[in-house]
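First the structure, in the form of structure tokens, and then the observations on it.
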Amino acid sequence: MNCAITTKIIILTTLCNISAQNITTSKFNQDNFLEHYKKNRSFEIDTLLNSTKNKNSFAWLNLLPSINYDLDQNSFNVSISLNTFAQYAQQKKRNEIEILRLKESLESSLNNKLLSIENQYLNIKLDLSSLQYDLQNFEINNQLYHLKKAQYHNNKINLESWLKFQQDYLKSIAILDKKINALDIRIQNLQKKINTPHNLPELTQLASLRHKLNAYQHD
């Protein structure tokens, strides 16, 4: 009885340590890849805005005077339209307002995407912690598996009971395997979205859980 209590305390202490480490490193990793994503998207926004400004900057060419050569008078005529100056001033102001609106729209969209990505990442962290807890608990199932196996070989339980326990044991492994695969897809999709040059550390942690589960499966 005391051994079982001690085992539970050790498991809970281990989980607390894992959670504390995850919280400490999570913020650092999260800030890193979010900053990388924000920097790249901000650069794209600035490039688009500068391109739009450059296109509008050629509008002043419309202000150039009209020059004509009069053959009869053997002279050049230069004409300037005051209306063109007024239209240029109005269009310039209009373009400035449109660029400001475009900038606000793009930055607002970027902030919404950052918030969405941050929420996705936090959900991944929570689900990963839950999986780590499930794998810790599965150690008890593994111990029961070996106990039932020994009981069967010593003729303490019949074949039907042993096969039923095996079936439930493998079903539990399949459920955990499905959860790991689903979380792996979510992490891969998030990596593609943020286009980070490095793998997220959660992939390594998930691979460790998969390795542990495979060991149980071939136990």
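In nm, to one decimal, how far is the residue 188 label point from the residue 156 one, both placed 7 Å along Cα→Cβ?
Between residue 188 and residue 156, the label points sit 4.4 nm apart.
Could I have the simple spin-label model distance between residue 144 and residue 48, label points 7 Å from Cα toward Cβ, reported in nm to one decimal?
5.5 nm
Each reported figure results from applying straightforward, stated rules to the coordinates on display, with no laboratory input. Predicted model only: the values in this text are computed from it and were never measured. FYI the Cβ positions are ideal-geometry reconstructions off the backbone, even for glycines, and counts take in every protein chain you see.
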